[in-house]
Amino acid sequence: MIDFRLKVFCSVAHNLSFTKASKELYVSQPAISKHIQELETEYSTRLFERMGTHITLTPDGELLLSHAEKILKQYKQLDFEMNLLTQRHIGELRLGASTTIAQYVLPPYLATFQQKFKQIKLSLINGNSSDIEKAVEEHRIDLGLIEGCSRQIHLHYTPFMRDELVCITSTRSRLAKLEEITIEELKRIPLVIREQGSGSLEVFEKALGTRQLKLSQLNIIMQLGTTEGIKRFLYNTNSVGIVSIQAVSSEIADGKLKVIEISDFDCEREFCFVQNTGQTGGVESDFMRYMTRRF
């Protein structure tokens with residue numbers, strides 16, 4: 001029922017590439033070009049400016065994109081609600097999750113959700129929290145799950161789980177003899193943290209702020225783009241890292257890493273769903289209810 005040309009147009013517009021749209025939709029590049037040409041003929045206007053190998057949206061293309069995204073969203077909602085009349089859960093759910101959630105929280109729940117709703121097509125991308133918020137804004141995903149609730153006023157956030165950031169070190173490190181440190185001692189110890197844009201770093205910075213501290217006052221020796229990178233780095237150095245307790249529970253149980261308590265310092269956060277404001281119903285709501293019941 002959906003006009004596939006609109007789906008093609010949105011893919012080209014978001015990727016600004018006919019080649020990437022072809023790969024994303026599993027359609028040949030000539031077919032992609034044909035669909036765009038048909039739309040341009042139908043509306044007697046150019047939707048893209050071609051500049052060598054680069055393309056940009058024209059003002060008319062921007063207008064079509066704003067309407068096409070709403071139309072495709074309505075089609076998706078229509079399909080979902082019509083199938084519910086016959087007790088069928090059919091649809092597509094494009095998820096995006098920040099790194100910690102994608103690696104350590106979501107996988108088992110995605111598996112059980114897919115088993116229960118076999119006719120819902122799931123996909124997942126991951127990145128840091130700001131990447132996921134941007135993907136939601138650009139309608140590249142239907143629902144985001146991020147670390148901390150970055151309050152972008154045009155997005156809607158719904159908490160679903162609490163988490164704690166902890167100070168860890170390798171059990172082979174000289175620092176492993178420590179059970180607890182003060183915040184003043186933390187300032188002197190070599191420290192590894194996540195990259196700018198990470199939800200983990202944002203929460204850590206806010207917690208430092210409650211103690212009138214800044215990142216620049218700490219002995220930061222490395223910023224890494226993944227929690228796995230931090231863990232592997234710690235195995236080979238005498239340093240500590242700040243990571244989610246969700247990410248290190250198995251390593252702690254196996255005796256590879258240990259938590260060093262920081263006295264009088266709380267670094268808790270919430271994991272949140274993030275959606276465009278006004279976005280309700282559909283497969284996203286089913287998934288949110290499913291996840292919330294399990295936490």
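The values are calculated or read from the model by the stated rules, or taken from the named source; none is laboratory data. Small disclaimer: the values here were computed from a predicted structure and weren't measured. Here Cβ is always computed from backbone atoms with ideal geometry, including for glycine, and neighbour counts include all displayed protein chains. For accessibility, only protein heavy atoms count, side chains too; no ligands or nucleic acids. Shrake-Rupley method; radii C 1.70, N 1.55, O 1.52, S 1.80 Å.
The residue list Ser22, Ser44, Ser33, Ser28 contains one member that is closer than 29 Å to Gln275 by Cβ and modelled with pLDDT of 85 or more, which is Ser22. For Lys73, the stated conditions hold: it is under 27 Å from the mean Cα position of the chain (by Cα), on the phi < 0 side of the Ramachandran plot and surrounded by 13 or more Cβ atoms within 10 Å (Cβ to Cβ). Modelled with pLDDT of 90 or more and in contact with a His (Cβ under 9 Å, 6 or more places away or on another chain): is that true of Leu16 in this structure? Yes. Evaluation of Ser200 against the conditions (1) closer than 13 Å to Gly241 by Cα; (2) at pLDDT 90 or above; (3) in contact with a Leu (Cβ under 7 Å, 6 or more places away or on another chain) shows that the sole unmet condition is (2).
Applying the criterion of being without any contact (Cβ under 8 Å) to a residue 24 or more places away in the chain and open to solvent by 40 Å² or more (accessible area, probe 1.4 Å) to the residues of the stretch 211-232, the residue that is farthest from Asp163 (Cα to Cα) is Ser216. Restricting attention to the stretch 253-276, the residues being open to solvent by less than 60 Å² (accessible area, probe 1.4 Å) and either under 19 Å from Leu191 (Cα atoms) or of a type in the set (S, T, N, Q) (or both) number 10. Contact map, the stretch 145-157: residues that are closer than 20 Å to Leu110 by Cα paired with residues that are aromatic (Phe, Trp, Tyr) and crowded, with 16+ Cβ neighbours inside 10 Å, Cβ distance under 9 Å, separation 6+ or inter-chain. Pairs shown: Leu145/Phe160; Leu145/Phe271; Leu145/Phe273; Ile146/Tyr157; Ile146/Phe271; Ile146/Phe273; Glu147/Phe271.
Of all residues in the stretch 281-295, those that are open to solvent by 20 Å² or more (accessible area, probe 1.4 Å) have Cβ atoms under 7 Å from Cβ atoms of residues that are at pLDDT 75 or above and in a helix (DSSP H, G or I), 6 or more apart or on another chain, in Arg294/Tyr109. Pairs linking a residue in the stretch 84-100 that is closer than 17 Å to Asn276 by Cβ to a residue that is part of a helix (DSSP H, G or I) and at pLDDT below 85, with Cβ atoms under 8 Å and 6 or more positions apart or on different chains, are Glu92/Lys76; Glu92/Val283; Leu93/Val283; Leu93/Glu284; Leu93/Phe287; Leu95/Phe287. With respect to being at pLDDT below 90, open to solvent by less than 70 Å² (accessible area, probe 1.4 Å) and within 25 Å of Gly127 (Cα to Cα), Gly96 falls outside the description.
Among the residues of the stretch 204-218, those that are under 18 Å from Ile260 (Cα atoms) and under 27 Å from the mean Cα position of the chain (by Cα) comprise Phe204, Ala207, Leu208. Could you tell me whether Thr58 is farther than 15 Å from Phe9 by Cβ, at pLDDT 85 or above and open to solvent by less than 30 Å² (accessible area, probe 1.4 Å)? No, not satisfied.
Those residues that are open to solvent by 10 Å² or more (accessible area, probe 1.4 Å) and not in a loop (DSSP other than H, G, I, E, B), I need them from the stretch 171-182; list them, please. Once the filter is applied, which keeps residues that are open to solvent by 10 Å² or more (accessible area, probe 1.4 Å) and not in a loop (DSSP other than H, G, I, E, B), the stretch 171-182 yields Arg174, Leu175, Ala176, Lys177, Glu180. Screening Gln246, Gln152 for residues that are crowded, with 17+ Cβ neighbours inside 10 Å and closer than 30 Å to Leu93 by Cβ leaves exactly one candidate, Gln246.
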